[in-house]
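Comments concern the structure below.
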Amino acid sequence: MKKFAALLFVCIGILISCNDSDDQEAIEITITNFETTVDENLPTDTSLGSVIATTNQGSITYSITQQTPADAIAINTNTGELTVLTESAFDFETYPNITATVIVENGAVSVTGTVTIHLNDVNEDEETVEVTITNFETTVDENLPTGTSLGSVIATTNQGSITYSITQQTPADAIAINTTTGELTVLTESAFDFETYPTINATVLVENGTVSATGTVTIHLNDIVELTLQERLDAGETPCDIYQSDNSLLEQLYGLTYEGGLIFYLDTTTCNGLVAAPNDLENAIWGCYQTYITGATDASIGTGLANTNAIIATCNTPDTAAQLCSGATINNYTDWYLPSKDELNAMYTNLHLNGFGNFVDEPTNCCNGWYWSSTDGETNGEAAWVQSFKTGYNGSQGTYDTGIKHFENHVRAIRTF
């Protein structure tokens, strides 16, 4: 009985084992034949594409079993990527088509596929690319503005197109080059300074694909005798011309001679400005004591002429400061007037504090350094605005007690340009 039971158990085990084996999925592999067209004369290792194969389980490996011509291509055993193995095999005249058989394996299961590579006949007599360049040399004036054209580097090619670039230059960033035309332009104006760099040098690279050529750029600078700002004004430039050429020069214009006087104000938007007479007129009263002139109350820059005209039209007092200015002929100009309060302060700030204008800043037998403005100051008509040019007074302005209209104070005429 025991022997029978044991035998039964063994048979059951065998049956179970047999059933498990029958249920296991069979390995399957599929492969797609590979076909492509490429140019002849491809370099070794050039990728040609990949053979496509799949399996329902596990992994596969690729190999080539035969090919014509021999050793023309290689295959990646893991990915199926095809690459050029022998460059000389990719010769249309010898092998217009390259064929091979690929085997794909998964354990004991394998399938085969075909590889067909058609070659394009490339014209091997095609002309070799050539690039030529002519060294560039020129002479220009120093201090050229940014963007000024310096000429063009001349380069040619026998086919296709070329591009230009600068590989090095001394000083750095002095010039720029148009990548398409080879035109050279000023990049940094300050680099074009004869005293610092009498010669500017650069190396230009011209490229057509992988073919290139280099040339030199040599720019000689002429040493220009640079005029002073006063010489530029005397030569016909206006203060606005100079300011627009270099905005940093504004304060350097103050105190320079222009159109009969000393420049002390420039409106950089309108280009109008003010000059002061080089010297004081005689000391004078303001006039019209106890008369408030409503047309002469504006203090702002640009109102001195209107104030002066209102004083002359309204005030019958003789020999006033306004009358002296209006009637003056100075350096052949006759359109002088008494400055407004703010115009007077601009004279103090931009001329006197910088040592220009011969203003009185010490006590004399008159006036203690006070100058008249054309701006009336008190509604009772007793005082107008004055400003002290005296050292230690810090340009203070006031009406009482220094601006009493029948006091004598210093007078300086101005005009508009």
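Remarks
- Fewest-first sequence of 326, 59, 388, 340 by Cβ atoms within 10 Å of each Cβ: 59, 326, 388, 340
- Between the range 265-316 and the range 334-355, the Cα center-to-center distance that results, in Å: 10
- Stretch in the chain that is longest and holds no GluC sites (Glu not before Pro) that DSSP places in a loop and that have at most 10 other beta carbons within 10 Å: 196-417
- Summing Cβ point charges (Lys, Arg +1; Asp, Glu -1) relative to the Cα centre of the chain gives a dipole of roughly 1760 debye.
- Given (1) 22.2; (2) 31.3; (3) 26.3, the label whose value is Kirkwood radius over Cα pairs in Å derived from this model: (2)
- Of the chymotrypsin sites (Phe, Trp or Tyr not before Pro) in the range 235-277, not one is in a loop by DSSP (not H, G, I, E or B) with at most 11 other beta carbons within 10 Å.
- Taking θ as phi - 60° and the Karplus parameters 6.51, -1.76 and 1.60, the scalar couplings of the range 334-344 work out to 10, 9, 8, 8, 7, x, 6, 4, 6, 5, 4 Hz in sequence order, x denoting glycine and proline.
- Cβ-based exposure ranking for 370, 286, in which fewest neighbours within 10 Å come first: 370, 286
- Hz values of 3J(HN,Hα) by residue in the range 300-308 - Karplus curve (6.51, -1.76, 1.60), Gly and Pro given as x: 6, 5, x, 10, x, 5, 4, 4, 4
- Crossing angle, helix 2-23 versus the chain [Cα axis fit, 0-90 degrees, rounded to tens]: 50
- Among 180, 214, 86, residue whose mean-square fluctuation peaks in a GNM of the chain (springs only between Cα atoms under 10 Å): 86
- Residue order for 111, 360, 386, fewest other beta carbons within 10 angstrom first, comes to 111, 360, 386.
- CD proxy at 222 nm, helix term only [per DSSP H run n ≥ 4: -39500 (n - 2.57); per residue of the chain; nearest 500]: -4500 deg cm²/dmol
- For the range 136-229, the orientation-averaged shadow of the C-alpha convex hull comes to 6.0 nm² (one quarter of the hull surface).
Bear in mind that the values in this text are calculations on the coordinates, not laboratory data. Since the model is a prediction, treat every value here as computed from it, not as a measurement. We place every Cβ from the backbone using ideal geometry, glycine too, and count neighbours over all the protein chains shown.
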